[in-house]
Amino acid sequence: MSDHAIALLGWTAQGIESMKKLGQQYVVVSFPEFENYANENDIPFVSWDFNSWGDENNSILLKEKLDAFNVKVAVPLYEETVEWAGALNSLYRDDPRVLNRAFLFRNKAVMKRKAMLAGIRVGLFEEVHTKDQVYSFMKRLNEANLQLPGEEDSWVHLKPFSAAGTVGHKLLRSFDQIDEKVIDKDFPCMVESHLPGKEFSCEAFIHKGKIRFLNITEYIRLGYSNFVPAGPELQSKRQQILKAMQKLVDSFGIEYGMIHPEWFLTEDDTLSFGEVAARIPGGHIFELIEKANGFDPIQAFVLCSDPSTPDNVIEDFFPPDDAEPNIYAGSLMIYPKPGRITHLHIPDELKEDPYFEAHTLYEPTEHKVSDNREGFGNHYGTIFFKGEDSKRMTEIINHFENVDFYK
Amino acid sequence: MSEPAPNLVRSFNETLKNLDEESILMHKENISKFIGILDILTDSEDGLRYIYENIGNIVGSGFFKGTSWEDASLLNPSLVGGTIKVGGPTTLYEIISELRMLAIAQGVFSSKESSPGKAKSFIDEVVINNLDLFFPDASEELRNVEESTKKKIKLLFGFIREYISLGSISSKLETELELICLQRPIVTDRAIEIINTVSNQLNKNGDLMGKTRLHDFMNAGMTPSDKARELSPSEYKNWVNKANDDTIEIECELLCDTLRDTGLSSVYHAILLRKVRNSPRFIKILLGLNNTGSASLDKNTKFISRLIDEAVHPETARSVYGLALFLERNLLEQQPVFNTLSRLLSLELHSEVAESIRKSKHQGESTPEQHLIADSICVLGQPLGVGQGWNPTCQSARGISLWSRHAPGKLMRMVITAATTNNLEMRFEGQLLASSQLNLGLTKEFDYNLDTVSIVLVPHLDRIYFEMMNRAAVRGDDPHKWVNPAMYGHWIPTGFLSAYDYLTDTIKEYDHFLRVFYATHHPDYNGGYDLAYPNPVGIFLTAGNGKLLGFHAVSILRVARNKGTLRIYFLNPNNEGRQKWQSDIKPTVAGNGERAGESSLPFHQFVSRLYAYHYHPSEADGAVDVKTEEIEQVIEIAKSSWGTSYKWWMEFPQPTL
């Protein structure tokens, strides 16, 4: 492994675990509240507030702190740390554009514009500052879609510029819903036309500007369920997707690290770009990649983020591109319906299903008390599945999505 | 026998491997997944066996780390029954913990924390405490337990049953019954339940040979005479109605033997007492009354007859024993008791109070009113038999016991008020507190397995106590200083000392605290006098390893020498007077001069748990004369047990006394 250290920006137990297993020197940069825990557990740690920026809190100062640990590469684990990693890496690599690229990842409108310039298909979008602008946007969409009186309005998605995944995402199906759902606090933000097609995500590990491993994650329901790798239908488009991905990488000028974009595939095989992030994806996707492919994606992320990692190390790390995983790993996140939960009920049909692997709906208990039942209500957990048939996987997850686990 | 499904076995092993290999950082996440797998495995016999066979790996993986189950040597078998019914991960931990103990007991797995002998003993205790689960066909339905949890519990006990037989625990059952009965509790349900279960099993399996003490208890609780064994209750009733005086007399003698021997009354006792209620001669024989009791009966023949007619029924059979002791206290001599009891005989209950009584375990044809009269007799007859059940209401139980001993008329007066108005009023520092206008007290879910007097009074006392505690909360000293006298009455001495300093959250002036206690309570220093009234004191309740569990209220009843050791005898309103407070501090309920219902400890051991007491300031002068060795001995025990949970201010200069 490299003789310098990696800065992990953001606290994740899994990340620390992965570095230990890799034998990679590391230091965790995170909020002060983790400091005690880190000290107690001998975890190299630099306390940092990612939310403030100024004379007392900037990347030069952070770099000085990290120099003590001989850090040469920064890896962003959470959305909020992406530009900090960009700033640090632009210093390490002496390339100011690395920082600009990081800003690209943090603004959904800018990244779309960039993709559009590269000739990648995106939906119609606009930056908006007021409710009136949202009305106008929907109105122009209706015109473009040649709406007749009585027909439905065109769907509009409203998204904050910089938030992870589906956070703050609002789907507006009509003018009325603009009134109902949009509040002043949402602005400024971005609105975009609804992209038809099947939504999926990619996780591409990039080293020296080349995609070294591409995973395609099939979404069953956005924000709830997905599985890895994608089923045969999406996999049959793998070459097309790989091409589009490399185009995205090239146009964005990404040299090192990992990106996690979302795409839409229509029936006529057109790919539309949704958005892209450069941190660990949600929905347990990394866990699923590990289960399906057998390598640790956080280690992959770190190795690819480091320009000094030798080519052969990268090549040996990933399975060959033509390797076909014979197992699908899926996850379903369970949200209890609020306000009416007394206890958790795991139905036998789940326990007996051969695709069922594990669930985390139970919190580990620390106290021997008899009145802690309400405690189950606040949290949700995940059910993990594993099996050989992607169709069956989809059926099972769709089925259990409608099961009420909390009664 | 087969293995669990392959995907489960695979997940089990993968998750266990992660738990084992990954560091503490991932513990929570890994545990969460592992619990999910255990949840499924505990749903089948194969799964349980699989866990049992892999228990060494589970324990080795750190599964119990950071939980209450971590150290097997600290577990308490009497808590298992309550914990296992909670559901969710708590139930799972408890089940795995039992499988660990079973594996240790069977020599399948070895642990530093327990030996096969100790583990076997633990499992025996778990079984004895949960006979209803152990013999599922004999069990009353598990109330309030979720279906899937019930299934797991039944499977676990079925699994244990493969290793434990009734014969192998019979001597422990005997001891258990003996110790329960020696304490003469009012609520004897637990003893009766054990007796019923064992007796049913014996009828079926007959794996208990010879005549044992267990048979004595079974006779007392179920079939106290040959006729009772022969006849059903209704046949017995016909038989006594036709029997001549000689036969009745013999029957009274037989039933008296078991009654006085065990403190248990059976349905047959109730039937016989009803039959002889107009004959003082037979009542005396049946109840085995001493001179005082006989005299009390003779003076109040008509009243007692009416009392029996109203109160004593097969469902309220325990009042037979209660009545015997009630008469022996000669309480009817006290006009307030006579008057209030008379009033109780024609009382109309508030509908909600009647409903509460119905909700309690009592069933049968007796009315809530009759239950209340019957248990009033018991509470008056057995002041030390009052218990708090599973409710956190030690203060209330302590109060009822104290009033029964020293203010029975006041107690009955409170019962009447609460029973008819569903309200209770008390004064606190000049202000009136009415329970019906107060918020909930300490109890959120009331355990109804109590005597009827407690069912009527405790909800009100609990609220009033809680309100008083709130009002006295921020005064820089233990609120009990003000609350105890207001709550319990003028018996409480005016001096009060607490070892715990509320302002600094420390143990302060402990030396002085101990010296004053010795000076006022130790016969070597106070001139050899014993207490006049019980002293409601606060103790640090500690687990078997001496670690602090919390605060608890008990009453010191008397101080006396037994077999050369000076002991403090006290009432522990906790369900059970036998507990282990530290490896060598074990309150006893028998064998050291305890009267029925008393617990006791050597003087210095009890003092080492004390944190607050009342005393008469005029008697505290001798504090300086208390031998330093005595004080130091207590300080050492205190500091090494609950004292580790606190900061100490011992370096402060000695206060001038």
Seminar exercise, completed: Distance in Å, no decimals, from the C-alpha centre of segment B:511-575 to the one of segment A:8-39 is 53 Å
Seminar exercise, completed: Within the protein assembly as shown, the percent of DSSP beta bridges that are antiparallel, given to the nearest 5, stands at 85 percent
Exercise. Which loop GluC sites (Glu not before Pro) in segment B:78-177, with loop taken from DSSP, have no more than 16 other Cβ atoms within 10 angstrom of their Cβ?
Worked result: B:E113, B:E140, B:E141, B:E162
Exercise. According to the Cα gyration tensor, what semi-axes, each the square root of 5 times an eigenvalue, does the equivalent ellipsoid of segment B:61-181 have, listed from largest to smallest in whole Å?
Worked result: 21, 20, 13
Seminar exercise, completed: Going residue by residue through segment A:172-179, the Karplus relation 6.51 cos²θ - 1.76 cosθ + 1.60 with θ = phi - 60° gives ³J(HN,Hα) values, rounded to whole Hz and with x marking Gly or Pro, of 10, 9, 7, 4, 4, 5, 4, 4
Exercise. Which of the residue pairs B:K359/B:K586; B:K65/B:K481; A:K139/A:K185 have a Cα-Cα distance greater than 29 Å in the structure shown?
Worked result: B:K359/B:K586; B:K65/B:K481
Seminar exercise, completed: Ordered by number, the GluC sites (Glu not before Pro) in segment B:317-382 that occupy a DSSP loop and have at most 13 other Cβ atoms within 10 Å are B:E348, B:E365
For this session: Summarise the partner chain shielding of A:349-361 as one whole number: the mean count of Cβ atoms from other chains within 10 Å of each residue's Cβ.
Result: 6
Problem set entry | Magnitude of the charge dipole, segment A:169-243, Cβ model with Lys/Arg +1 and Asp/Glu -1, debye to 20 | 640 debye
Problem set entry | Dipole magnitude of chain B, debye to nearest 20 (Cβ charges: Lys/Arg +1, Asp/Glu -1, about Cα centre) | 940 debye
Problem set entry | Choice from A:S52, A:S201, A:S308 showing the highest fluctuation, given a GNM over chain A with Cα pairs closer than 10 Å | A:S52
Exercise. Which shape class, rounded, prolate or oblate, goes with chain A when its Cα gyration tensor gives a ≥ b ≥ c as root eigenvalues, a/c under 1.5 marks rounded, and past that a/b bigger than b/c marks prolate?
Worked result: rounded
Exercise. Taking 0.36 nm per intervening residue step and subtracting the Cα-Cα distance, what contour gain separates B:D71 from B:L202 on full extension?
Worked result: 43.5 nm
For this session: Pull out a ≥ b ≥ c, the square roots of the eigenvalues of the alpha-carbon gyration tensor of segment A:59-182, then state rounded if a/c is under 1.5, prolate if not and a/b is larger than b/c, and oblate in the remaining case.
Result: prolate
Seminar exercise, completed: Going through A:K108/A:K208; A:K20/B:K28; B:K112/B:K152 one by one, the pairs whose alpha carbons sit over 21 Å apart turn out to be A:K108/A:K208; B:K112/B:K152
Seminar exercise, completed: When the charge dipole of segment A:153-195 is computed with +1 at the Cβ of Lys and Arg and -1 at the Cβ of Asp and Glu, the Cα pointing farthest to the positive end, of A:S162, A:V182, A:S193, is that of A:S162
Exercise. Separation between the A:Y135 and B:D20 pseudo-spin-labels, each 7 Å from Cα along Cα→Cβ, expressed in nm?
Worked result: 6.7 nm
Exercise. How big, in percent, is the set of alpha carbon pairs in segment A:257-361 lying more than 18 Å apart?
Worked result: 67 percent
Seminar exercise, completed: In segment B:167-292, lysine pairs 8 or more places apart or on different chains with C-alpha atoms under 25 Å apart total 13
Exercise. Per the Kirkwood formula on distinct C-alpha pairs, the Rh of chain B is how many angstrom?
Worked result: 27.2 Å
Problem set entry | Listed residue (A:V313, B:H614, B:Q388) projecting farthest to the positive dipole end of the protein assembly as shown, Cβ model | B:H614
Exercise. To the nearest 20 debye, what charge dipole does the protein assembly as shown have about its Cα centre, counting +1 at the Cβ of each Lys and Arg and -1 at the Cβ of each Asp and Glu?
Worked result: 2460 debye
Problem set entry | Kirkwood Rh and Cα Rg combined as Rg over Rh, evaluated for the protein assembly as shown | 1.07
Problem set entry | Amide H within-cut-off set for B:N572, under 5 Å, with H built and near neighbours excluded | B:S599
Problem set entry | Cleavage-rule hits, trypsin sites (Lys or Arg not before Pro), segment A:93-185, DSSP coil, Cβ neighbours within 10 Å at most 16 | A:R93, A:R121, A:R173
Exercise. What ranking do B:H269, A:H129 get, fewest neighbouring Cβ atoms within 10 angstrom at the top?
Worked result: A:H129, B:H269
Exercise. Excluding same-chain residues fewer than 8 positions from A:K243, which lysines have a Cα within less than 16 Å of its Cα?
Worked result: A:K210
Exercise. For chain B, what is the mean residue ellipticity at 222 nm derived from helices alone (per DSSP H run of n ≥ 4: -39500 (n - 2.57); sum divided by total residues; nearest 500 deg cm²/dmol)?
Worked result: -16500 deg cm²/dmol
Exercise. Taking every pair of alpha-carbon atoms in segment B:497-637, what share in percent sits in each 10 Å bin, from 0 to the bin with the longest distance?
Worked result: 12, 45, 36, 7, 0
For this session: Just need log10 I(q)/I(0) for segment A:157-308 at q = 0.12, 0.15, 0.18 Å⁻¹, Debye formula, equal scatterers on the alpha-carbon atoms, no solvent, rounded to two decimals.
Result: -0.55, -0.83, -1.13
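Readers should treat all values here as calculations from the given coordinates under stated rules, not as data from a laboratory. For clarity, every value in this text was computed on a predicted model and none was experimentally measured. Here the Cβ is made from the backbone with ideal geometry for all residues, glycine too, and neighbour counts use every protein chain on show.
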